[in-house]
Every structure is written in structure tokens, then in C-alpha cells.
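Everything below concerns the one structure shown next.
Just so it is clear, none of the values below were taken in a lab; they were calculated from the coordinates. If you're wondering where the values come from, they're calculated on a predicted model, not measured in any experiment. Quick reminder, even Gly has a Cβ in these numbers, built from the backbone with ideal geometry, and neighbours come from all protein chains shown.
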Amino acid sequence: MVDRTHRELTDDDLAKIAGAYHAWRGDNGSRPYADVPGFARSASIEDIRNHKYNLVPGRYVGFAERPGTSWDRSQLQAELEEILGRFGQADNASQSALKILQELLHG
């Protein structure tokens, strides 16, 4: 993960995605296609119609059977420090704004 919401795909990730696509198409030399919970599913038009043509992947692929539960402590610590820094900046800005308002009101 590059950050909390962005993931940089590795060569292995790209190969896995391309392999699933070629298997789904039935391209020569590809492995037989199989749905993989949390990764890939071949949805029918009827499935898509039932979801009102909403193509959000989670509606179709579901979740992996064993979601990852490992946490990178250093990454969590860095995110916490970033959030605390933002809170500090917001607090400083609000204190400055309050001081200016008080000076305007009371002279």
C-alpha cells in the first residue's frame, strides 16, 4: 500500500490480474477460469441487472474467505502522527481565528 487508500500493483499483482482475464476469456495456453472470492467472479448479465447495473466490484466478488488481519505497526504509528499533526494545525488555526474575533469584538 502506498497509503491508506492507494495500492501500487506489483508485477505479481499484474500477472495475477492478467492471468484471471485470459483464463476468463479462455485464451489458448491459459489455465481454466475459476471464481476467486475477494478477487474475481464472472457475473452474468442477470446478476448485473439485479444490482441495477451497479458495477462496484464488491457486490460481485465478495470477500476472501480469510481476510488479512496483520497490521503494520510502523505504518499505523505514522498515520496516527499525521492525524495528530493535522489536529494540532486545526487547533492552532481555530485559536488564531478566535483571538482575532475577540480583538474585533472587544477592541
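Computed values, structure above
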| item | result |
| --- | --- |
| Full-extension gain in nm, GLU46 to LYS16, via 0.36 nm per residue minus C-alpha separation | 8.1 nm |
| Charge-dipole axis of the chain as Lys and Arg at +1 and Asp and Glu at -1 on Cβ define it, positive-most pick from HIS22, ALA93, ILE83 | HIS22 |
| Translational diffusion coefficient (Stokes-Einstein; Kirkwood radius from C-alpha pairs) of the chain at 10 °C, 1.306 mPa s, in µm²/s | 84 µm²/s |
| Highest-first arrangement of 1-11, 37-47, where packing means the average Cβ count within 10 Å | 37-47, 1-11 |
| Degrees, to the nearest 10: 11-25 long Cα axis against longest axis of the chain | 40 degrees |
| Cα gyration tensor, the range 7-69 - rounded (a/c under 1.5), prolate or oblate | oblate |
| Relative contact order for the chain, counting Cα pairs under 8 Å that sit 6 or more residues apart, in percent | 15 percent |
| Order by protection proxy (mean Cβ within 10 Å, highest first), peptides 73-86, 16-29 | 16-29, 73-86 |
| On Cα atoms only, tilt of 73-106 relative to the major axis of the chain in degrees | 40 degrees |
